[in-house]
Structures are given as structure tokens and as C-alpha cells.
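The values are calculated or read from the model by the stated rules, or taken from the named source; none is laboratory data. Predicted model, so just to flag it, every value in this text is computed and none were measured. Here Cβ is always computed from backbone atoms with ideal geometry, including for glycine, and neighbour counts include all displayed protein chains. Accessible surface areas use protein heavy atoms only, side chains included; no ligands, DNA or RNA. Shrake-Rupley method; radii C 1.70, N 1.55, O 1.52, S 1.80 Å.
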Amino acid sequence: MPPIPGSGLAKGLAVTLRTMTRKTVTAQYPDTQPELPPRSRGVIGLFEENCTVCMLCARECPDWCIYIDSHKETSPPAAPGGRERSRNVLDRFAIDFSLCMYCGICIEVCPFDALFWSPEFEYAETDIHELTHERDKLREWMWTVPEPPALDPGAEEPKEIAAARKAADKLAAQRAQAQQDQTDEKIQDGKNQADEKGGTP
């Protein structure tokens, strides 16, 4: 039996009418912001104070999209007879996000926690050159980096925190001992003065 003319159109309109009566499930971006998972890879932030210009991130980057320039500065010796110290000073740190493939290798290999993932992803530009973010722009992204998740209650304490706590406890014990010694000296001086006054004819 041949199909009735216009039956396909009628079926399509029926589907359209059924869909019109249902509640929409599509999030209308940008009016509705998406709920991103906590470890979303959006843009990379730079915490400049932690960067030692070790160049590991630039060397390990598969796309070679990290540009770092630095110079050496020499500081005088901390004590007489000591030797001068030289350190690297960061001049430029830039990431070209038009080349970046968001693999996260730079963040993983950074030994001093200078690079962090931010969930921000709204940084499109009309000019591709504007996608090269210099260190000032990368520093601004640090304000959008979420706090790290809490440690598992059963996990071991990080070695850095344990060492810092041990040093702080030792220093507190030394200060408490010094205060106790001062208190004991004052008490002893008071006793000696009392004995001297009592023994005077």
C-alpha cells in the first residue's frame, strides 16, 4: 500500500508538538553557567613567587608553547667570609594558549608548585596574538584557582608539614625552657636577697 501523501509531514509536526509541551533540559549558555567538575582544565595560573626558573615546564611541554626568559643576579654573602650567591630572576613567563593542548604536563613536572589549573575557560579573543598570556595575566588567573581538596583523614601527613611542625615544636620548647630558666633565676635572686637581708645583724 503506498504511503499517504503528507504522512511524513504530519509525523514530524506531531513530534514537534510533543517536544514543545515538555520542559527543556538544555542549559542555555551563557545565561546559565555550566557546573564544572572540581578538576576542570580551563586556563593555567602562575604563582610567580614559587617559580625558580628551572625551565622544566618549558622543556617538557610537547607543544613548546611556554616562553621563559631570565637573568642571574648575585647577592652578597650572608656572613663575613662567605661566598656570593647567584640566583635566577624571572624576566618573562608566557603561555601561548593557541598552541596549548591542555595536557597538564607542565603542572605535573613543576617541582615547586608554581603552576595551577583554573576552571576558567572564557578567555576567547578575536586576535590570536592575544592568546599569549604574559606573567601578569597568568598571575590574575591565580585568583580563580579553587582550594585544594581536603586530605583523606587516614592519609599520612606530608613530609614538609611534618618537618615544619617538628621545627616549630622544637623552637617552642626552647623558648619555654628559656622562660623557665629566667623565672628560676629571678626566684633564686629573690631568695638570695632575702637571705642576705635576714642574715644582716
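Taking N as the number of residues in segment 109-201, what is its Cα Rg relative to 2.2 N^0.38 Å? It would help to have the intermediate numbers written out before the result.
Numbers: Rg = 29.2 Å, N = 93, 2.2 N^0.38 = 12.3 Å.
So segment 109-201 has a normalised radius of gyration of 2.37.
What number comes out for the charge environment of D96, summing +1 per Lys or Arg and -1 per Asp or Glu over other residues with Cβ under 11 Å away? Before the final figure, lay out each step's value.
Values: positive: none; negative: D63, E130, E134.
Combined, the nearby Lys, Arg, Asp and Glu give -3.
Is it possible to state the helix-based mean residue ellipticity at 222 nm for the chain, with each DSSP H run of 4+ residues giving -39500 (n - 2.57), the sum divided by total residues, to the nearest 500 deg cm²/dmol? What is it?
On the way: 5 runs with 72 residues, N = 201.
My calculation for the chain gives -11500 deg cm²/dmol from helical runs alone.
Over segment 34-153, what percent of the accessible surface lies on carbon and sulfur atoms, probe 1.4 Å?
Details: 4380 of 8220 Å².
With neighbouring chains kept in place, the figure for segment 34-153 is 53 percent.
Determine the dipole magnitude for the chain: charges of +1 sit on the beta-carbon of Lys and Arg, -1 on that of Asp and Glu, nothing else is charged, the reference point is the Cα centre, and the result goes in debye to the nearest 20.
Values: 23 positive and 33 negative charges, 145 e Å.
Here the chain has a charge dipole of around 700 debye.
Among Y67, G12, V145, whose Cα projects farthest towards the positive end of the dipole of the chain, with charges put on the beta-carbon of Lys, Arg (+1) and Asp, Glu (-1)?
G12
Expressed in nm², what is the orientationally averaged projection area of the convex hull enclosing the Cα positions of the chain?
Numbers: hull surface 117.6 nm².
Mean orientational projected area (the chain, Cα hull): 29.4 nm².
Below 8 Å, C-alpha to C-alpha, sequence gap of six or more: please give me the relative contact order for segment 36-130 in percent. Kindly include the intermediate steps, with their values, before the conclusion.
Details: 138 pairs, mean separation 39.7, N = 95.
The normalised contact order for segment 36-130 reaches 42 percent.
Mean separation of Cα pairs under 8 Å and 6+ residues apart, divided by the residue count of the chain: what relative contact order is that in percent?
Numbers: 192 pairs, mean separation 43.5, N = 201.
Worked out over the chain, it gives 22 percent.
Just by accessible area at a 1.4 angstrom probe, what is the order of M142, M20, M55 from largest to smallest?
Details: M142 40, M20 135, M55 65 Å².
Putting M142, M20, M55 in descending order of accessible area: M20, M55, M142.
Keeping every protein chain present and rolling a 1.4 Å probe, give me the accessible area per residue for the chain in Å².
Numbers: 16070 Å² over 201 residues.
Ligands and nucleic acids excluded, the figure is 80 Å² per residue.
How far is helix 7-20 tilted off the main Cα axis of the chain, in degrees rounded to 10, range 0 to 90?
30
Using alpha carbons only, how many degrees (0 to 90, rounded to 10) separate the axis of helix 159-199 from the longest principal axis of the chain?
The angle comes out at about 30 degrees.
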